[in-house]
Structure formats: C-alpha cells, structure tokens
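Here is the structure we will look at, set down as structure tokens.
The values are calculated or read from the model by the stated rules, or taken from the named source; none is laboratory data. Everything numeric here is computed off the predicted structure, so don't read it as measured data. Here the Cβ positions follow ideal geometry from the backbone for every residue, glycine too, while neighbour counts run over all protein chains shown.
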Amino acid sequence: MEPSFILVGQLTRDYLLPPFGEPLLDSPGGNLLYAAGGLGVWNAQIGLVGRAGENYPRHWLKDLAARGWDTTGIRVQPAALDQRFFLAYSENHEIIRANPVAQFSQRGITFPKALLGYQPRSNTKTAQTPPDPTLPLLADIPSEYLDAGTMHICPLDLSAQLQLTDNLRGAMRVFTLDPGAGAMTPTFQRETRAIVRGLTAFLPSLEEITALFWGQTHDVWEMTAALGEWGCEYVVVKCGERGQLLYDSGNKRRWEIPAYPARLADPTGAGDAFCGGFLAGYRKDYDPLEAVLYGNVSASLAIEGSGPFHPLDAMQGLAEARLGALREMVRQI
C-alpha cells in the first residue's frame, strides 16, 4: 500500500541514559523514528525519508519494514556514517549532551567502547562547515512519495530545511515542519521567514520561538502572530509539561491545551512524537485543534517509556480514551 504520510528526518544510533529505567545502548533512534512512533499510534500508512550508513544495522531497517512502514526513502550510503547520538538526564530531568564518560561513570555503568571519540554535533554551522552526510536531501525523496500530499519535516540543519521547503511548498496539501534549534535565533529570522512561508503548521518549542524573537517581544502570542504573518496557517508552540499553544493565523483564534497527565519515564523524542500525532489528527478532518489533541496524546504515550517504538505498544483503546479526556480540558483564549 502506498504511504499517505511522509516523514523526513534523521536516523541515529542512540546511547540514552533516561531519568528512569534501563539505559538504551546502541538502539535505533533519531527524530525520524520518534515522529513515526507518534504517527503510527493512529494506524497511518507511513513513508520514511532519511539516510543510513553502510554500517547501520540492516536488521533495524528490516524491523521498520516489518512494522508496515515504507523504507524506500531511507537511502543507504556507500560509506560508513557516524550516526551515534548520546543523551543523558540529570536528577532534575535536565538534558546533558556532553561528556558521556562522566555520565556513565556517575551511574556506575560500563562505558561502551562504541562511544569512544564521540563528539556531539554542533548546532552552529558556517559556510566552511562541510555538509552533514547523515542529513536527507531533496533527491532522497522517492518521486512516488510526492503523491501522498502530506509531509512533515523533522528538525534538520537550516540549509536542509530551506532546500526542502523551497522545492516542496506547492507539492504538498499538508506540509508541517519542526525547526532545527540552531536556526531559531534573530540572526536567522530572514531564513526562518522563508521556511515558514506556505506551511500548514510550524511547530517550534517554547524555547525555540522565544530565542527567535529574543530582544523583540516577551509575549508568546505576539510571536505566534508574527509567524502567522510570515505565511503559515497555524503555529503550534510545544511547551513540554505545560502542553501546547495553538494559533490560527486565518481567524486569529488562540487555544491553550494542557499536557495529558501521563507518568514520565523518558521525555526523549516527545516533541517529535507530538509532530507525528499532529499530522495524523490534521489529515483526519483538517481541524488544527483536533490535530494538537492527537499530537498531545502521542507525546503522552511516548514519555511513558523509552525508545521511538514505545507508543506503538499502548493498550488498545488507550489513545482514543485519552483523546476524549483531553477534549474536555481545552481552553480558548
């Protein structure tokens, strides 16, 4: 069956030390898979676009296909790629990306040799920085995927997101994007305007949108209105445990949606899972509020366990039950 939802993002080999539970050592990850996990909760036909090195475990790719996801768009490169990704959490659930040796030592866990020499990727790119070979490009998208008409772009480098939005803006009926944190600064407002124009929904976190308008305004609703004027239909601000803010650019309506009160085990990938759920909800009847509710539920399932596939193991009917409860909690501003 042809996919009806296309996700574009990165694949990683994760080394995670979550707040609770066992560590994940060399396990499949990346924003592409977390978004797919959030979308897959709603039984969607998914096509994946990403890159894998020749050293990426092939049985992981087979597992994705076994889940019913189309992997035609995952391009295996003719060389090994460093797709390692390390993340740990402090006792206060603060994210730690650096010094994995110390983090493993503090927890009394043997340091994995596969992480030797690991350096976290920098969000800061210059003209001299070589292209990241792990990032998907426009040419990686199978032509038949364009027929799906619905696409979400996960956080990527600014140049990659610009290339994709410039070329796909008119080809998608539903087109959503989660910005890369490195681009969300006043320095890159011009480029962000170009990315936002023509999107169905722009899906930044509260930290990202605040950084983009640093020194200009402290009012989040003013920020969402500015983004709407740049040319996207809806702006959704992901506020973590506080839920989401939704701004409808067409009629200037605003909503607050609280996070579903889930049991936190591991917040990794919750924002990506939200974006996947949002896509499913919006395609259902093109209602942005319903889309946020779907995304909210996907995120609530994601944080209750570790790894991108955890939401897919939810008890039958649980997602729908949470959706019903959440509808009663929405507040229009």
Those residues of segment 267-297 which are in contact (Cβ under 8 Å) with a residue 24 or more places away in the chain and of a type in the set (Asp, Glu), in sequence order: ASP272
Cross-chain or 6+ apart pairs with Cβ under 9 Å, segment 112-134 first and modelled with pLDDT of 65 or more and among the charged types (D, E, K, R), then surrounded by 13 or more Cβ atoms within 10 Å (Cβ to Cβ) and not in a loop (DSSP other than H, G, I, E, B): ARG121/PHE85; ASP132/ALA160
Residue check, ALA259 out of contact with any Pro (no Cβ under 7 Å at 6 or more places or on another chain), assigned to a loop (DSSP other than H, G, I, E, B), among the aliphatic types (A, V, I, L, M) and crowded, with 18+ Cβ neighbours inside 10 Å: yes
Selection count, segment 212-241, where residues are surrounded by fewer than 16 Cβ atoms within 10 Å (Cβ to Cβ) and within 18 Å of the chain's Cα centre (by Cα): 1
Given (1) over 30 Å from GLU256 (Cβ atoms); (2) assigned to a helix (DSSP H, G or I), index of the condition ALA194 fails: (1)
Members of segment 30-47 found to be more than 10 Å from ASP272 (Cβ to Cβ) and either modelled with pLDDT of 95 or more or assigned to a helix (DSSP H, G or I) (or both), listed by number: GLY40, VAL41, TRP42, GLN45, ILE46, GLY47
Number of the exception - ARG75 against (1) in contact with a Leu (Cβ under 8 Å, 6 or more places away or on another chain); (2) part of a strand (DSSP E or B): (1)
Set GLY198, GLY170, GLY180: member being in contact with a Lys or Arg (Cβ under 7 Å, 6 or more places away or on another chain), of a type in the set (Gly, Ala, Ser) and either in contact (Cβ under 8 Å) with a residue 24 or more places away in the chain or under 26 Å from ILE95 (Cβ atoms) (or both): GLY198
So ALA98, is it over 23 Å from the mean Cα position of the chain (by Cα), among the hydrophobic types (A, V, I, L, M, F, W, C) and assigned to a loop (DSSP other than H, G, I, E, B): no
